[in-house]
1. What are the residues whose amide H is under 5 Å from the amide H of His107, where those residues sit 5 or more places off or on another chain and H is modelled from the backbone?
2. Please compute the modelled spin-label separation between His107 and Val83, points set 7 Å along Cα→Cβ, answer in nm with one decimal.
3. Considering only Gly130, Gly14, Gly64, give the residue with the highest GNM mean-square fluctuation for the chain, with springs between Cα atoms whenever their separation is below 10 Å.
4. Amide H of Leu94: which non-local residues (sequence gap of 5 or more, or other chain) have their own amide H closer than 5 Å, using H built in the peptide plane?
5. In a Gaussian network model over the chain where Cα atoms closer than 10 Å are linked, find which of Arg104, Arg122, Arg38 has the largest mean-square fluctuation.
6. Go through segment 105-110 residue by residue and turn each phi into a ³J(HN,Hα) via Karplus (6.51, -1.76, 1.60, θ = phi - 60°); whole Hz please, and just put x for glycine and proline.
7. Would you kindly compute the Cα radius of gyration of the chain and its largest Cα-Cα separation (Dmax), both in Å?
8. Please return the longest stretch of the chain lacking exposed loop sites, where GluC sites (Glu not before Pro) count only if DSSP places them in a loop and at most 11 other Cβ atoms lie within 10 Å.
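Readers should treat all values here as calculations from the given coordinates under stated rules, not as data from a laboratory. If you're wondering where the values come from, they're calculated on a predicted model, not measured in any experiment. Methodologically, a virtual Cβ is constructed for each residue, glycine included, from the backbone with ideal geometry; neighbour enumeration extends over all protein chains shown.
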Amino acid sequence: MRKSNPHSSIPAPGEGKRGEEGYLGYLLRQAAGAHRLRMDRALGDLGVTQPQFATLTMLAAYPGLSNADLARLALLTPQTLSVIVANLERAGSLVRKPHAVHGRIQHIDLSDSGRALLRACRERVNRLEGELTAGLSAEDERIVRRWLVGVATTDTAGD
């Protein structure tokens, strides 16, 4: 275990390079980490993590996805998604059915209890979303959403 150096002080979020002077990429990651922690706390007593919530949400929005597609949409590795799907299936939130045409492919869908769980999660996440946008006008929120989508969709690989 490492002892902290009494002569150095790590700035709190919002201070120094962790504040408005910081790099945007770092601030974006810092904000994402703080939001994930809030989500995990809000969903914890339901037994749901943020990645599980993302999986349930994407499965409800886009039924019939393959594991690989579901992993991409939920921003998870295929290995992590496999574990999440297995845990949600074991909990009774998901059901697997054989694909209508391709025998080896399994179709994953929400069970009735999975849909009920997702509804309960959404109520809590909607409150968190409200906290995120508190103090923003509708136009400011549109600008932030447009900026975030732009960050996610801008391809700079050729630069």
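1. Close amide H contacts, sequence-distant or interchain: Lys97, His99.
2. For Val83 paired with His107, the spin-label model returns 3.0 nm.
3. Gly14
4. Under 5 Å from the amide H of Leu94 lie the amide H atoms of Glu89, Ser111, each far enough along the sequence or on another chain.
5. Result: Arg104 has the largest fluctuation of those listed.
6. 7, 9, 8, 9, 9, 6
7. 19.4, 66
8. On the way: sites that count: Glu20, Glu21.
The longest uninterrupted stretch comes out as 22-159.
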